[in-house]
Amino acid sequence: MRALAARDPRFDGLFFVGITSTHIYCRPICPARVSHTEHRRFFPSPASAEQAGFRPCLRCRPELAPGRAPVDAISRLGTAAAQRIEGGALNDRTVTDLAAELGVSARHLRRALEREYGVSPSELAQTCRLLLAKRLLADTSLPVTRIAFASGFQSLRRFNAAFREQYRMSPSALRRRQGRNGSLEDGLQLTLSYRPPLDWAGLLTRLARSALPGVESIDESRYARTVRLDGHAGLISVMNADGHLNVDIESSLVAALMPLLPRLRRLFDLDADPLLIDDHLARTGLAELVQKRPGVRLPGVLEPFDAVLSVLGRTERSPQPLRQIVEVLGDPIVSGDARLTRLAPTAERLTEAGVGPLAEAGMELRAATVLVTVARMMLGGELRLDAGGETDATCAALQAVGVPEVSAHEIAMRTLCWPDAFRPNAGVTLEAAEAWRPWRGYAAALLQMEVMRRAVECPESRVERNALDSRPSTSRPIAAATAQSQRPPQ
């Protein structure tokens, strides 16, 4: 009901709504007026709806793949463009360049953004730049000139003019009013807000399981890693505070702040609504686990290729080949932290190196070939691992080149930021997990953390815990956790 009322495109294709008064079934994003609750029936697929005697809606076209019908083409384009603009896509490029990247004309891109957000691409970009600049003026003591360029402005004159026009004051006047200093000796500290609660410990535990050796360092309360973005490299460190994350950023990364901050929000899943998700999971059988771990989050990635390398670069769950791959193909960096010595290898670097270094690191030839193939697909644009992408199409593309189903699903789950992601080997049948839609990914995270907790308390069960990532059928530890907590949905 909530997903239907919100018309959230992330849930498109996950379920279909049949209207008993008209015998028509629709997608949850259909623009038609929502019917009364008593007239609705929900189906997991078009086939089940048609089997029940419903015919497809002519407006939202349920027979088309999720997100590909004419009814949502403008919305899909507007969202994709806005995400890129927020990350600085128009700072040094034109609207025509962005439109070409998205495969549309500049005129059509402008029309899509006008309809979805009520502004032109240039106006949206200007707003993003000014909001970041205002934040840096209020929260740091960075020089105004440096703030102007870090916010995407091409000159100090343009920055001052835009700031005065929008806020009716000069940048320096705003700084005098705020009087705050968030700068460090060799960098700055910013905050990322979120809706509490946040299971920070659980999130760090899950991030640690897939961390790139030498690139990411995770302990009980802190996440740190090396970053290379838009030609700039440095170190970030993140810790949880009350209602926000404190992010320490080296000065070398200040110029890359605009694309970095949105990526960090996706990495830590900070835009989730935990109260809504926890309430739903608690009412559908996971109340005990929700009480233990309120505010569960789904970890994302800073760079899509990080997830590909982390998942495919391990051999039988051993990090040793991955460690050697990072050591050989990752550029060295001086971070001041003995655990952080390398920048993450890029798809370009891996493609240039070929399978040789991967085989020398301990990967089987077939697995090394698959990893190089995926890297080439990403470089060539055949595979796009952008947030909000289509999970089914992504998994199918990965499996078509030899990526195992479980690995393909894990890569898609992390790179596409999909809230309803559900791994086929998560130990619960798809039928049993239906009650957790549209947040099955969070349910699976809760179950996985419970299994890991029990494995720590009972060392003899570690063998079963390790089997979670390779067993295609029902896993006994998760099944046990589910049996203890699951109750029929209300």
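Might you tell me the accessible area per residue for segment 190-246, computed with a 1.4 Å probe and given in Å²?
With all protein chains present, segment 190-246 gives 37 Å² per residue.
Extension gain, Asp386-Ser105: 0.36 nm per intervening residue step, less the Cα-Cα distance, totals 99.1 nm. Classify segment 232-271 from the C-alpha gyration tensor, please: rounded if a/c falls under 1.5, else prolate or oblate depending on whether a/b exceeds b/c. Taking the square roots of the gyration eigenvalues as a ≥ b ≥ c, segment 232-271 is oblate.
Taken about its Cα centre, segment 288-409 carries a charge dipole of about 380 debye when Lys and Arg each add +1 at the Cβ and Asp and Glu each add -1 at the Cβ. Relative to one another, the C-alpha centroids of segment 378-430 and segment 268-323 are positioned 14 Å apart.
Rounded to 0.05, the FRET efficiency of the Ser21 and Glu431 pair, given R0 = 45 Å and the Cβ-Cβ distance, is 0.95. Computed 3J(HN,Hα) for segment 276-284, one whole-Hz value per residue from the Karplus formula 6.51 cos²θ - 1.76 cosθ + 1.60 where θ = phi - 60°, is 5, 5, 4, 5, 5, 5, 5, 7, 10, glycine and proline marked x. Overall form of segment 116-230: prolate. Here a/c, set by the Cα gyration tensor axes a ≥ b ≥ c, is 1.5 or more, and a/b is the larger of a/b and b/c. Ignoring ligands, DNA and RNA, please state the percent of accessible area on segment 240-292 from carbon and sulfur, probe 1.4 Å. Solvent-exposed carbon and sulfur of segment 240-292 make up 48 percent of the total. Where the accessible area of segment 318-467 is counted over protein heavy atoms with a 1.4 Å probe, how much of it, in %, is carbon and sulfur? Whole-percent figure for carbon plus sulfur exposure: 54. The peptide list 293-299, 37-43, 53-59, 394-400, put in order of mean Cβ contacts within 10 Å with the highest first, becomes 293-299, 394-400, 53-59, 37-43.
In this structure segment 74-161 gives 48 Å² per residue of accessible area when probed at 1.4 Å with all protein chains present.
Solvent exposure of segment 273-382, expressed per residue, is 44 Å² of accessible area, with all protein chains present and a 1.4 angstrom probe.
Remark on Gly18: its backbone amide H falls under 5 Å from those of Cys26, Arg41, Phe42, Phe43, a criterion applied only to residues 5 or more positions apart or on other chains, H modelled at 1.01 Å from N.
The values are calculated or read from the model by the stated rules, or taken from the named source; none is laboratory data. Remember, predicted model here, so these are calculated numbers, not experimental data. Methodologically, a virtual Cβ is constructed for each residue, glycine included, from the backbone with ideal geometry; neighbour enumeration extends over all protein chains shown. To get the accessible areas, we keep the full protein, side chains included, count just its heavy atoms, and leave off ligands, DNA and RNA. Shrake-Rupley method; radii C 1.70, N 1.55, O 1.52, S 1.80 Å.
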